[in-house]
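In what follows, a single structure is set out as structure tokens and then discussed.
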Amino acid sequence: MSEQEHNRLSKIYTRTGDKGTTGLGDQRRVSKTHERIEAIGAVDELNTWMGLLISELKEVQLMRHRLQKPLENIQHRLFDLGGELAMPGYQLIQASFVTDLEKTLDEFNDNLPPLKNFILPGGSRLACYCHMVRTISRRAERRVIAAKEAGEAINPPLMQYLNRLSDLMFVLARVVARQSGGEVLWQQSEKQKI
């Protein structure tokens, strides 16, 4: 590690953001409320929830052997994804990463019965963590789309990755719930005309 890299990683505060701006990899300084920064923040939050989900696997041996490795790989790709957002003009998320998510999704979904009703987040704590990752993945996707609509260059595989990740997490929530308490089916209220 070079001296410059060492200093960059060891100095926690720089004071450069004290006026409400932050730097991107292309040397631009933008507001901390800029669409790209909002997307980076949502992906960071998503990665944090993924870490919590992975740590929860240690408590549930039944699922750990099937989920830990794919989820750890996803967590690394999420860090790449945040890095790509922070460095306009670079691409870290590849189409093959999306394909990998689809393969994992198909592997877990193949053994699930067809869904005949909406399900609620529940069934077990681990299933709820899967749903948290799913919903935050959707938010991160919305933030990335907002950045794209505001004129920011966003590589298509990055958006596809977040979309597929939320699908995968829905399937994993179903798998986990079915093995640890059962899926919670939505009970629709009676419709009333107003």
Prolate/oblate/rounded label for the range 60-114 (Cα gyration tensor, a/c 1.5) | oblate
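Going through the cross-link list Lys116/Lys191; Lys69/Lys148; Lys58/Lys103, which pairs have a Cα-Cα distance over 28 Å in this structure?
Numbers: Lys116/Lys191 19 Å; Lys69/Lys148 31 Å; Lys58/Lys103 24 Å.
Checking Cα-Cα distances, Lys69/Lys148 exceed 28 Å.
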Taking only protein heavy atoms into account and a 1.4 Å probe, give the accessible area per residue of the range 93-194 in Å².
-> 58
Got a number for the accessible area of Asp26? Probe 1.4 Å, square angstrom, nearest 10.
-> 60
When the Kirkwood hydrodynamic radius is evaluated over all pairs of different C-alpha atoms of the range 63-165, what value in angstrom, to one decimal, is obtained?
-> 15.1
Return the whole-Å distance between the Cα centroid of the range 154-194 and the Cα centroid of the range 79-128.
-> 11
Here the range 184-191 yields Karplus 3J(HN,Hα) values (6.51, -1.76, 1.60; θ = phi - 60°; whole Hz; Gly and Pro given as x) of 9, 7, 5, 9, 5, 5, 6, 6
Jot down the radius of gyration and Dmax of the range 153-194, Cα atoms only, both in angstrom.
-> 17.0, 46
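The values are calculated or read from the model by the stated rules, or taken from the named source; none is laboratory data. Quick caveat: nothing in here was measured; it's all calculated off a predicted structure. For accessibility, only protein heavy atoms count, side chains too; no ligands or nucleic acids. Shrake-Rupley method; radii C 1.70, N 1.55, O 1.52, S 1.80 Å.
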